[in-house]
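One structure is given below, encoded as structure tokens.
The values are calculated or read from the model by the stated rules, or taken from the named source; none is laboratory data. The structure displayed is predicted, hence computed values, not measured ones. Cβ atoms come from the backbone with ideal geometry, glycine included; neighbour counts cover every protein chain shown. With ligands, DNA and RNA removed, areas are computed over all heavy atoms of the protein, side chains included. Shrake-Rupley method; radii C 1.70, N 1.55, O 1.52, S 1.80 Å.
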Amino acid sequence: MFSFSKKDQATGEVTERQLDDANIPAHVAIIMDGNGRWAQQRHLPRIAGHKQGMNTVKTVAKAASHLGVKVLTLYAFSTENWKRPTAEVNYLMKLPVDFFGTFVPDLIKNNIRVKVMGYTDQLPAATQKAVKDAIADTAECTGMVLNFALNYGGRAEIVTAVQTLAQQVQAGTLDPAAIDDAAIDQQLMTSDLGELRDPDLLIRTSGEERLSNFMLWQVAYSEFVFTQQHWPDFDQTALEEAIYEYQQRHRRYGGL
Ligand SMILES: Cc1cc(N2CCCCCC2)n2ncc(-c3ccc(F)cc3)c2n1
């Protein structure tokens, strides 16, 4: 059992809570929202929110690993984020370089393996190199998979999968009647996660209640938990509270 304390924001009352360590979600996915608003509330530039957000990534990755999460997927940059101001995009593209420049030893110490899903060939060369090196440096780790969605979009992922299957039908190597869930799963960027490819729990921070084109196919049966704090304020306790909420729900897979 994992114990944690929850403080009621209104009354200040503190209650002890227990997590059932036999029901920790195997795959947790997080839409890390609120970095810009966090900075704005402190009269700081938006990039200050991203910088603090990256520190939260380090904290939450270690916390998830200690709790027994097997895959942690983090939505770091969407295919729509290229529309942001050039200076902000340039700063964001340097974050993976900074992250691995400082955090790979910690990842290895915690036996955490890095995976990245997205259209990484469209990223700057330095970002691609940092990602490639971190994947190689942690390839022997057998613990939690830290899976970054980087230049990722759920609809683009499905379009790419459909195009591949259509080409196989056109080539005469695939019978259209054989296209089922498994055939689609196999073409998605999460295919190498095997049985852990679909998130059991999706968390979105900062109060927004939208998917924003994230893992649209994979979250078909996920539990969603929307939390109020901005991502830079998210921490181990917030993760434990989200997992506690997940554990209070009856899980159905379309059945009774
Ligand atoms: C673009 C971007 C933005 C980014 N933010 C910090 C977290 C809040 C969300 C936006 C800003 N973080 N944080 C970590 C990464 C990262 C990505 C790939 C990778 F292999 C290693 C680290 C990252 N990438």
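Indicate the gyration tensor shape class of the stretch 86-168 (rounded, prolate or oblate), computed on the Cα atoms with a ≥ b ≥ c the square roots of the eigenvalues: a/c under 1.5 is rounded; otherwise a/b larger than b/c is prolate and the rest oblate. Please list the in-between numbers first.
Working: a/c = 2.62, a/b = 1.37, b/c = 1.91.
Judged from the Cα gyration tensor, the stretch 86-168 comes out oblate (a/c at least 1.5, b/c at or above a/b).
Here the peptides 95-101, 207-213 are ranked by packing, the mean other Cβ count within 10 Å, and the order with the highest first is 95-101, 207-213.
Computed over protein heavy atoms with a 1.4 Å probe, the accessible surface of the chain works out to 51 Å² per residue. Computed FRET efficiency, Cβ-Cβ of Asp175 and Asn23, R0 35 Å: what is it to the nearest 0.05? Efficiency, rounded to the nearest 0.05: 0.30. Computed over every Cα-Cα pair of the chain and binned at 10 Å starting from 0, the pair-distance distribution P(r) comes out as 6, 28, 36, 21, 7, 1, 0 percent.
With the Kirkwood sum run over all distinct C-alpha pairs, the stretch 11-116 has a hydrodynamic radius of 15.8 Å. If you sort the three axes of the alpha carbon gyration tensor as a ≥ b ≥ c, you get a/c of 1.5 or more for the stretch 121-256 and a/b no higher than b/c, which makes it oblate.
Ala87 to Thr164: FRET efficiency via 1/(1 + (r/R0)^6), r the Cβ-Cβ distance, R0 35 Å, to the nearest 0.05?
On the way: r = 36 Å, r/R0 = 1.03.
E between Ala87 and Thr164, to the nearest 0.05, is 0.45.
Springs join every pair of Cα atoms under 10 Å in this Gaussian network model of the chain, and among Pro124, Pro105, Pro176 the largest mean-square fluctuation is at Pro176. A simple charge model with +1 on the Cβ of Lys and Arg, -1 on the Cβ of Asp and Glu and nothing else charged puts the dipole of the stretch 18-75 at about 380 debye relative to its Cα centre. If the elastic network links every pair of Cα atoms under 10 Å, which of His66, His43, His230 fluctuates the most in the Gaussian network model of the chain? Among His66, His43, His230, the largest mean-square fluctuation in the Gaussian network model of the chain belongs to His43. Between Tyr119, Tyr244, Tyr91, the GNM of the chain built on Cα springs shorter than 10 angstrom shows Tyr91 fluctuating the most.
The charge dipole of the stretch 175-221, taken about its Cα centre with unit charges on the Cβ atoms of Lys, Arg (+1), Asp and Glu (-1) only, comes to about 280 debye. The dipole here belongs to the stretch 39-181: it is taken about the Cα centre, uses +1 on the Cβ of Lys and Arg and -1 on the Cβ of Asp and Glu, and is about 720 debye. Cross-link reach is defined here as a Cα-Cα straight distance under 25 Å, omitting same-chain residues fewer than 8 places apart; for Lys129 the lysines meeting it are Lys51, Lys58, Lys62, Lys83, Lys94, Lys109, Lys115.
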